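Asker: Structure in structure tokens, see below.
The values are calculated or read from the model by the stated rules, or taken from the named source; none is laboratory data. These figures come from a predicted structure and were not determined experimentally. Virtual Cβ from ideal backbone geometry, glycine too; neighbours counted across all protein chains shown.
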Amino acid sequence: MWGLIENNEIKKIINKPKGLVIGDTRHSRNIFSFRWTNEEREAIGIYEVVFDNSNKKDEAYYNNTNQSFNFADGVVTASFGSATAKAIADSLWTQADSDNGDLPDDKEVFDKMDPEIQEAVKFLINEIVVKRELKKLEKSENKA
């Protein structure tokens, strides 16, 4: 992915190689191949996008923002805003709870869960999510 920069501003994000006109010159899609160096592309205003996924979270548990693009110090960066946690604790007793033997004797499927149990479920799920995110972070640091 590349950004077309004019006057220090992103004019266009290019998702896949394609021919384009810059100024009075028509360029084939080969400008995105190994035939051109990054320096040659940058000389005509095409910069490779650097991805910053530090704010991107597991979509099973978080709502991520759309990517935004920024050009500064000669670098086009694609990044995410702050993710928000999804509501993941069930507020109703389910058939699965009944099948697993977790449904109290005085409750039926689709009865509301007690608030204390909801909080315990949220706490346990949060623990799992935090451990998963820490593992991802350790893997990414080991690759660097």
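Asker: Could you list, in sequence order, the residues of region 27-70 that are within 20 Å of Glu6 (Cα to Cα), out of contact with any Leu (no Cβ under 7 Å at 6 or more places or on another chain) and small (Gly, Ala, Ser)?
Answerer: Ser28, Ala43, Ser68
Asker: Now a separate question. Kindly list, by first and then second residue, each pair from a residue in region 92-111 that is on the phi < 0 side of the Ramachandran plot and modelled with pLDDT under 75 to a residue that is part of a helix (DSSP H, G or I) and among the polar types (S, T, N, Q), limited to pairs with Cβ atoms under 7 Å and residues at least 6 apart or on different chains.
Answerer: Val109/Gln95; Val109/Ser98
Asker: What residue, among those in region 46-64 that are crowded, with 16+ Cβ neighbours inside 10 Å and not in a strand (DSSP E or B), is modelled with the lowest pLDDT?
Answerer: Here the residue is Tyr61.
Asker: Can you work out which of the residues in region 11-27 that are part of a loop (DSSP other than H, G, I, E, B) and out of contact with any strand residue (DSSP E or B) (no Cβ under 9 Å at 6 or more places or on another chain) is modelled with the lowest pLDDT?
Answerer: Gly23
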